[in-house]
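Read the structure below first, then the notes.
Please treat every number below as a calculation from the coordinates, not as lab data. As the structure is a computational prediction, the values presented were derived from the model and not from experiment. Quick reminder, even Gly has a Cβ in these numbers, built from the backbone with ideal geometry, and neighbours come from all protein chains shown.
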2 protein chains.
Amino acid sequence: MSSSTHDIEEGLAFTPKFDADGLITAVATDAKSGDVLMVAYMNDEALRKTIASGEAWYYSRSRKALWKKGETSGHVQRVVELRVDCDQDALWLKVEQKGPGACHTGRRSCFYRAVPLGKSGAVTLEFRDGEKTFDPGKVYK
Amino acid sequence: MSSSTHDIEEGLAFTPKFDADGLITAVATDAKSGDVLMVAYMNDEALRKTIASGEAWYYSRSRKALWKKGETSGHVQRVVELRVDCDQDALWLKVEQKGPGACHTGRRSCFYRAVPLGKSGAVTLEFRDGEKTFDPGKVYK
């Protein structure tokens, strides 16, 4: 193990590893239930703003823009705890999700469909917790 | 919203969206505690094998190889539930982690350090659940 790998994995210096696009993967879970709410990305600025404010900021790959989660919907995420993984290329945010949900489709979590296991070939998804908790047409004007 | 976006978000066809490298992000959480154990990647073959076997397979970006989680360590992940997100570019595996841990550093989770909030400038990490649960030198020969 090289000294730098040891530092990254066992050290206390925060040296987040951004990918070729300058992004790092961020997983937000509900601090109470443990459910994964969303998987998103941060650039350096989003990460700095998240750390400084204690509220989640991300970088939208499709819109190519920094965004504060909830800036339009009001569904802000208060970060209860922020963790980094062993090789410092992924982040885990335990959040208190304000409002009825995190997903732009109107659901609490973005993960509202299950993939059945034990199959090969074409797969048909099954809704799980698929009820909409808000009307995205009203929330995102 | 285009018809295809609607199909991806509201449909029951599983159409995972792999990135330019042919990979999709996969988040494994402990099915009981809800803790995030690891963030990894799957290629099409790893995903097919995971679905068919009910055990987690990933693709290692550093080793450029398919790997069954636990193939060396015995620390297999039984998939309790597999979910896909709204735009079908991320997966969530709720797993039963066999053995003492998921992380190659010898810990239960890869996320054993917290980033303190409310700071700007240099950040010093803090260990959380940082105790090693196994000796990686013995497990990975």
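Observations, loosely collected:
- Here the Karplus relation 6.51 cos²θ - 1.76 cosθ + 1.60, evaluated at θ = phi - 60°, turns the backbone of segment B:50-59 into coupling constants of 5, 4, 5, 9, x, 10, 7, 10, 10, 10 Hz, with x for every Gly and Pro.
- Estimated 222 nm signal from helices in the protein assembly as shown, with DSSP H stretches of n ≥ 4 weighted -39500 (n - 2.57), rounded to 500: -4000 deg cm²/dmol
- Within straight-line reach of residue A:49, meaning a Cα separation under 16 Å, sit the following aspartates and glutamates at least 8 residues removed in sequence or on another chain: A:71, A:81.
- Inter-copy spacing of residue B:20 label points, which lie 7 Å from Cα along Cα→Cβ, given in nm from shortest upward: 0.5
- Here segment A:23-81 was treated as a single set of alpha-carbon atoms; its pair distances binned every 5 Å from 0 give 4, 19, 31, 29, 14, 3, 0 percent.
- Filter on A:64/B:119; A:94/A:132; A:132/B:64; A:32/B:132; B:17/B:138; A:94/B:132 - keep pairs with C-alpha separation over 30 Å: A:132/B:64; B:17/B:138
- √(5λ) per eigenvalue of the Cα gyration tensor, segment B:47-131, largest first, Å: 28, 18, 13
- Distance distribution note for the protein assembly as shown: the fraction of Cα pairs above 28 angstrom is 34%.
- Inter-centroid distance (Cα atoms) of segment B:60-112 relative to segment A:24-103, Å: 21
- Shown in residue order for segment B:67-81 are the 3J(HN,Hα) couplings computed by the Karplus curve 6.51 cos²θ - 1.76 cosθ + 1.60 at θ = phi - 60°: 8, 8, 4, x, 5, 9, 7, x, 8, 5, 10, 7, 7, 7, 8 Hz (x for Gly and Pro).
- Rounded to the nearest whole Hz, the Karplus-based 3J(HN,Hα) values (6.51 cos²θ - 1.76 cosθ + 1.60, θ = phi - 60°) of segment A:107-118 follow the sequence 10, 4, 10, 6, 9, 10, 9, 9, 9, x, 9, x, with x at glycine and proline.
- Nonlocal amide H pairs with residue A:55, under 5 Å, H built at 1.01 Å: A:79
- Per-residue average of Cβ from other chains inside 10 Å of B:102-108: 2
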